[in-house]
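*Asks:* Would you mind keeping the following structure in view while I ask a few things?
Only the coordinates and a few stated rules stand behind these numbers; no lab work does. Not measured: the values here are computed from a predicted model. Cβ coordinates were reconstructed from backbone atoms using ideal geometry, including for glycine residues, and neighbour counts include every protein chain displayed.
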Amino acid sequence: MNAHVFEHEAMATCFAIAIADTAGPYARQAAAAAFRELERLEGELSRYVEMSDIARANRLGWGETTQLGADAFECLLIAADAALATGRAFDPSYGSQPAAGTAADAPRFTLDPTTHGLTSQAERLHLDLGAVGKGYALDRMAETLREWQVTAACLNSGGSTVLALGAPAGMAGWPHGLGDGSSARTLPLVHAAIGASGLAVKGEHITNPRTGATARTATRAWALAGTAARADALSTAFFVMSEAEVRAFCAAHPQIGGARMTADGNLISYGTLRSAGAGG
């Protein structure tokens with residue numbers, strides 16, 4: 001397979017785009033357009049950019065409201081949906097300071113679709129889109145590539161979340177590794193995304209939003225979904241959730257796949273990843 005690969009630093013990681021079946025100069029222009037979209041999104045979604053939508057939201061006290069741009073609002077809608085669906089195993093607002101008398105599982109913010117308004121339900125709101133924002137950026141970058149009529153491409157953010165468009169000519173999909181050691185599998189990824197969360201790069205850095213303690217139920221977790229934003233969020237949730245919870249979630253959502261690497265090196269997979277032959 002011959003593919004042109006382009007890289008760009010943003011959101012504190014390296015984003016990469018591999019484009020196949022396209023002339024090099026045109027592929028470079030299309031990748032440059034996608035990276036411009038990435039830079040724009042970083043200015044709206046990063047909590048470290050002082051005037052970003054998320055940074056402004058993080059200055060809100062209880063009951064205060066701010067209006068969000070379309071991308072920040074959509075990304076938070078995806079995040080809020082993932083938080084609800086996983087019983088807060090994923091929650092971008094878990095670091096918020098709750099208001100006095102607020103229930104532990106009460107939402108820390110509300111969204112108004114008619115005004116794109118966000119209202120804080122916390123004493124001090126703290127949003128962190130690190131586990132969904134990069135995936136959202138990949139989805140929007142993929143839209144840019146489609147506008148450039150690029151059909152065979154694979155995008156990734158730091159290797160942790162991968163989004164595949166169409167496969168290169170003559171291939172079933174973009175090869176993607178899952179698991180380690182004797183449990184390792186290679187999957188052909190096409191028109192789908194897979195996110196990974198674990199201890200390999202940053203050590204014990206994932207907090208269980210339900211308890212506030214460090215999550216230790218697995219050494220690594222993956223989620224397969226139709227969009228990178230959802231795969232990004234669900235891989236974090238699957239790392240936090242118990243084995244039974246991940247199994248039940250994938251059974252209830254047939255379009256989702258999950259996998260977890262246990263401490264003894266076994267790869268256990270669920271849903272569409274199980275049917276794809278990724279362990280079990």
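*Asks:* Give the number of residues within region 3-25 that are more than 29 Å from residue 129 (Cβ to Cβ) and without any contact (Cβ under 8 Å) to a residue 40 or more places away in the chain.
*Replies:* Matching residues across region 3-25 total 4.
*Asks:* Does residue 20 fit the bill of being touching a His at 6+ places or on another chain (Cβ under 6 Å) and more than 23 Å from residue 229 (Cβ to Cβ)?
*Replies:* No.
*Asks:* Could you please find all residues in region 105-136 being surrounded by 20 or more Cβ atoms within 10 Å (Cβ to Cβ), over 26 Å from residue 38 (Cα atoms) and either touching a residue at least 60 places away in the same chain (Cβ under 8 Å) or touching a Cys at 6+ places or on another chain (Cβ under 7 Å) (or both)?
*Replies:* 120, 122
*Asks:* Given the structure, is residue 90 buried (at least 23 other Cβ atoms within 10 Å of the Cβ) and of a type in the set (A, V, I, L, M, F, W, C)?
*Replies:* In short, yes.
*Asks:* Evaluate region 3-19: report whether one residue or more is loosely packed, with under 14 Cβ neighbours inside 10 Å, among the aromatic types (Phe, Trp, Tyr) and touching a helix residue (DSSP H, G or I) at 6+ places or on another chain (Cβ under 8 Å).
*Replies:* So far as region 3-19 goes, no, none of its residues is loosely packed, with under 14 Cβ neighbours inside 10 Å, among the aromatic types (Phe, Trp, Tyr) and touching a helix residue (DSSP H, G or I) at 6+ places or on another chain (Cβ under 8 Å).
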